[in-house]
Amino acid sequence: MSLDKIGIIGTGMLGKAVATRLLKSGYQLTVYNRTREKADKLKTLGASVADSPKDVAKSSDFVITIVKDAFAVEAVSFGKDGIADGKHDGLVVADMSTTNPVSTREIAKKYAEKGISMLDIPVMGGPAQAENGELVIMVGGNKSVYENHKKIFDTIGSKTFYLGENGSGHAMKLAMNLQISILALSLSESITLVRGAGLDPETFLEILNSTYFKTGMSVNKGPKMIKGDFKPTFTLKMMKKDLDTINQAAEKFNLSLPMTTLANKLYQDAIENGFGELDYTGILEFVKKTSMK
Ligand SMILES: NC(=O)c1ccc[n+]([C@@H]2O[C@H](COP(=O)([O-])OP(=O)(O)OC[C@H]3O[C@@H](n4cnc5c(N)ncnc54)[C@H](OP(=O)(O)O)[C@@H]3O)[C@@H](O)[C@H]2O)c1
């Protein structure tokens, strides 16, 4: 089996960066994106652009889906000219989108019925980490399929965790995004409080980042938040999609998560106030707007 022929379906912000990393690492890559222009941009780096997910599958051994949600994964997998229509011996599909683990299990089952192996491989880190091969990858699915493709994971990630059956990767990823969404909110409220007290938010960050309560977010995103730089690497509306997904998964596990439920409402309100296309840390703009009495 060749590990060198890879396909990517979905060349949005994350997909484009993963594709760039793989191309620069010498892999033969075929890409597809629903809006073709985004895939065409990868031609200069040597990618072949296919007309359908089916054509990507036909010319690849390992196909990575990086699309919005489980609905989109279903569409590119089993819709007209979907991945399953391009089935051939040894084809493996790996879903890097952030989706509901329950849907993942159903999708993996459908693939298995067609004789195709599927892994869930959600990631922590954004486009910059993907381009540098520094993603942290959480894998669910058949262990030997994972082990046979370790070389690919080592190219795009700095650390990979094998977690168990299909859906395990996505369940763990949702717990990670719960952290991110609430950290962005708490940082936003602290910055707003400090500003309200007439203090410099840069000093707030300097103090926070001198303690063990600092986070990657307070170190890397905090200074940009203070400057009002909300150029998206992961949009606020995509974070709201993940909060919906976390709540749906929690319901399936018979759980109710109070902070996530509240965060979901706040991100929804932020979208209704026109902040959905900002980076998710733009939740600060919404907090600023609603904090005024
Ligand atoms: N950006 C990050 O830092 C990051 C990190 C970890 C995980 N993720 C996850 O990665 C996935 C992609 O995120 P992104 O930030 O790259 O978002 P993005 O730039 O908005 O890209 C979304 C991609 O999904 C495709 N898509 C949406 N609905 C579709 C459908 N019904 N059928 C086919 N394709 C569809 C889009 O195609 P069009 O171009 O045609 O709209 C586009 O390629 C999401 O699940 C996200 O949660 C992102």
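Kindly list the number of the only condition in (1) more than 16 Å from the ligand (Cβ to nearest atom); (2) part of a loop (DSSP other than H, G, I, E, B) that fails for R105.
Only one criterion is unmet by R105, namely (2).
Search the range 58-84 for residues that are basic (K, R) and pair each with any residue that is part of a loop (DSSP other than H, G, I, E, B) and away from the ligand (no atom under 12 Å from the Cβ) when their beta-carbon atoms are under 7 Å apart and the residues are at least 6 apart or on different chains.
Once the first residue is basic (K, R) and sits in the range 58-84, its partners that are part of a loop (DSSP other than H, G, I, E, B) and away from the ligand (no atom under 12 Å from the Cβ) give K58/H88.
List every residue pair whose Cβ atoms sit under 6 Å apart, with the two residues 6 or more apart in sequence or on different chains, where the first one lies in the range 30-54 and is in the same structural domain as A84 (by TED's automatic domain parsing) and within 17 Å of K68 (Cβ to Cβ) and the second, anywhere, is polar (S, T, N, Q) and crowded, with 19+ Cβ neighbours inside 10 Å.
Hits for this filter: V31/T11; N33/T11; K38/T11; A39/T11; A39/N33.
From the list A19, A39, which one is within 15 Å of the ligand (Cβ to nearest atom), under 23 Å from Y146 (Cβ atoms), part of a helix (DSSP H, G or I) and small (G, A, S)?
Values: A39 fails: under 23 Å from Y146 (Cβ atoms).
Every option except A19 fails the conditions.
Grab the helices (runs of 4 or more DSSP H) fully contained in the range 191-293, keeping just those with 1 or more residues being surrounded by fewer than 18 Cβ atoms within 10 Å (Cβ to Cβ) and free of Cβ contacts under 8 Å to residues at least 12 places away in the same chain.
On the way: elements: 201-208, 222-227, 236-252, 258-272, 283-291.
By residue number, 201-208, 222-227, 236-252, 258-272.
Suppose we filter K87, K54, K16 for residues that are charged (D, E, K, R) and within 29 Å of L278 (Cβ to Cβ); which single one remains?
On the way: K87 fails: within 29 Å of L278 (Cβ to Cβ); K54 fails: within 29 Å of L278 (Cβ to Cβ).
Of K87, K54, K16, the one residue that is charged (D, E, K, R) and within 29 Å of L278 (Cβ to Cβ) is K16.
Determine if the range 57-77 includes at least one residue that is more than 25 Å from A17 (Cβ to Cβ) and of a type outside the set (A, V, I, L, M).
Start the filter on the range 57-77 by keeping residues that are more than 25 Å from A17 (Cβ to Cβ), which leaves none.
Among the residues of the range 57-77, not one is more than 25 Å from A17 (Cβ to Cβ) and of a type outside the set (A, V, I, L, M), which makes the answer no.
Looking at (1) in a helix (DSSP H, G or I); (2) of a type in the set (D, E, K, R); (3) on the phi > 0 side of the Ramachandran plot, find the lone condition where D81 falls short.
So D81 meets the others, but not (1).
Among the residues of the range 84-99, which ones are more than 19 Å from K54 (Cβ to Cβ) and either surrounded by fewer than 23 Cβ atoms within 10 Å (Cβ to Cβ) or of a type in the set (V, I, T) (or both)?
Keep residues of the range 84-99 that are more than 19 Å from K54 (Cβ to Cβ), which gives 96, 98-99.
Those that are more than 19 Å from K54 (Cβ to Cβ) and either surrounded by fewer than 23 Cβ atoms within 10 Å (Cβ to Cβ) or of a type in the set (V, I, T) (or both): T98, T99.
Of the residues that sit in the range 42-52 and are in contact with a helix residue (DSSP H, G or I) (Cβ under 7 Å, 6 or more places away or on another chain) and outside any loop (DSSP other than H, G, I, E, B), which one is surrounded by the most Cβ atoms within 10 Å (Cβ to Cβ)? Can you show your working first?
Looking only at the range 42-52, we keep the residues that are in contact with a helix residue (DSSP H, G or I) (Cβ under 7 Å, 6 or more places away or on another chain), and these are 42, 45-47, 49-50.
Checking which are outside any loop (DSSP other than H, G, I, E, B) leaves us with 45, 49.
Values: L45: 13, V49: 19.
Going through the qualifying residues, I end up with V49.
The values are calculated or read from the model by the stated rules, or taken from the named source; none is laboratory data. Because the structure is predicted, anything quoted here is derived from the model rather than measured. Neighbour counts are summed over all protein chains in view; Cβ atoms, including those assigned to glycine, are modelled from backbone coordinates with ideal geometry.
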